[in-house]
Amino acid sequence: MHPKPKFLVLCGDLVNAMPGTSSSEPQMNDVRDVFSALDPEITLFYLPGNHDIGDIPTEQGVEQYRRHFGPDHYSFWLNGCHFVVLNSQYYENESQCSHLAQEQREWLDGVLKEGPFQHRVVFQHIPWFVHNPDESKFYFNIDKPLRTQMLNKFKENGVSKIFCGHLHENAGGWDDTLELVVSSAIGAQLGEVPAGHGFRIVKVYEDRIEHNYVTLDNAPTDISL
């Protein structure tokens, strides 16, 4: 691909086997082996999904993830843009690791005070909503009271895009000035009309962020900027 991407983000569910199963560790090793072949000029960022640390995450599951892939939440800067990576499993169910969830909450409050920035973007696995911010709670989104609280926090702190996975199909919508983008998977496809195995190309300009989903069969080799 030309020009090369500045970085690649894997939005969770790096493996299929759930924590504590016999296949979990081998699959995590396999992921790292596969991506060891990535061009070293392209920075790779991981984040956890429910298959990586569990639908109800535990301290043991998070520790296993961190041992293989590094921190489960962090931020980074590139060309004046601020990127925030979250562990969304804490927002789904923190009952078995409330102290870890609290650590992320306190860390996020501090990170959102950093600046100035050209754009601020969040990456996480579970989307706050799938189609609109007022939808009812179901498996693929986050409970509405917490959703509303966090979306307001993001908007108040200049977040313009939130990129997510989890759904295994393309979706998303807007909450005022904030766009939430749900990308389908490079692996298993769901939905009545599957999007196809693929990935999302994101272009960051001074005044806007553009994105589009491409399938592996139709992935471009030359990117127009």
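The values are calculated or read from the model by the stated rules, or taken from the named source; none is laboratory data. Fair warning: this is a prediction, and the values are worked out from it, not measured in the lab. So basically every Cβ, Gly included, is an ideal-geometry build from the backbone, and we count neighbours across all protein chains shown. Each accessible area value is taken on the protein alone, full model and side chains, heavy atoms only, with ligands, DNA and RNA left out. Shrake-Rupley method; radii C 1.70, N 1.55, O 1.52, S 1.80 Å.
Identify, by number, the condition in (1) over 18 Å from the mean Cα position of the chain (by Cα); (2) assigned to a loop (DSSP other than H, G, I, E, B) that Gln189 doesn't meet.
Result: Gln189 passes all but (1).
Scan the stretch 1-35 for residues that are within 17 Å of Ala185 (Cβ to Cβ), open to solvent by less than 50 Å² (accessible area, probe 1.4 Å) and without any contact (Cβ under 8 Å) to a residue 60 or more places away in the chain and jot them down.
Selection gives Leu10, Leu14, Val15, Ala17, Val31.
Only one of Ser95, Ser88 is of a type in the set (Gly, Ala, Ser) and touching a His at 6+ places or on another chain (Cβ under 6 Å). Can you tell me which? Don't jump to the end; show me each part of the working.
On the way: Ser95 fails: touching a His at 6+ places or on another chain (Cβ under 6 Å).
Sole residue among the options that is of a type in the set (Gly, Ala, Ser) and touching a His at 6+ places or on another chain (Cβ under 6 Å): Ser88.
Taking into account only those residues within the stretch 42-82 that are open to solvent by less than 60 Å² (accessible area, probe 1.4 Å) and touching a residue at least 60 places away in the same chain (Cβ under 8 Å), which is nearest to the chain's Cα centre (by Cα)?
Leu47
Go through (1) among the hydrophobic types (A, V, I, L, M, F, W, C); (2) open to solvent by 40 Å² or more (accessible area, probe 1.4 Å); (3) modelled with pLDDT of 95 or more; (4) out of contact with any strand residue (DSSP E or B) (no Cβ under 7 Å at 6 or more places or on another chain) for Leu38 and report which single condition fails.
The single condition Leu38 does not satisfy is (4).
Just checking, which of Gln96, Gln104, Gln118 is in a loop (DSSP other than H, G, I, E, B) and closer than 16 Å to Asp52 by Cβ?
Details: Gln104 fails: in a loop (DSSP other than H, G, I, E, B); Gln118 fails: closer than 16 Å to Asp52 by Cβ.
From the options Gln96, Gln104, Gln118, the qualifying one is Gln96.
For the stretch 176-206, what are the residues that are in contact with a strand residue (DSSP E or B) (Cβ under 9 Å, 6 or more places away or on another chain), more than 18 Å from Asn218 (Cα to Cα) and in contact (Cβ under 8 Å) with a residue 40 or more places away in the chain?
Leu180, Val182, Val204, listed by residue number.
Hey, could you check the stretch 126-142 for residues that are under 23 Å from Leu47 (Cβ atoms) and touching a residue at least 40 places away in the same chain (Cβ under 8 Å) and say which is surrounded by the fewest Cβ atoms within 10 Å (Cβ to Cβ)?
Ranking the candidates gives His131 first.
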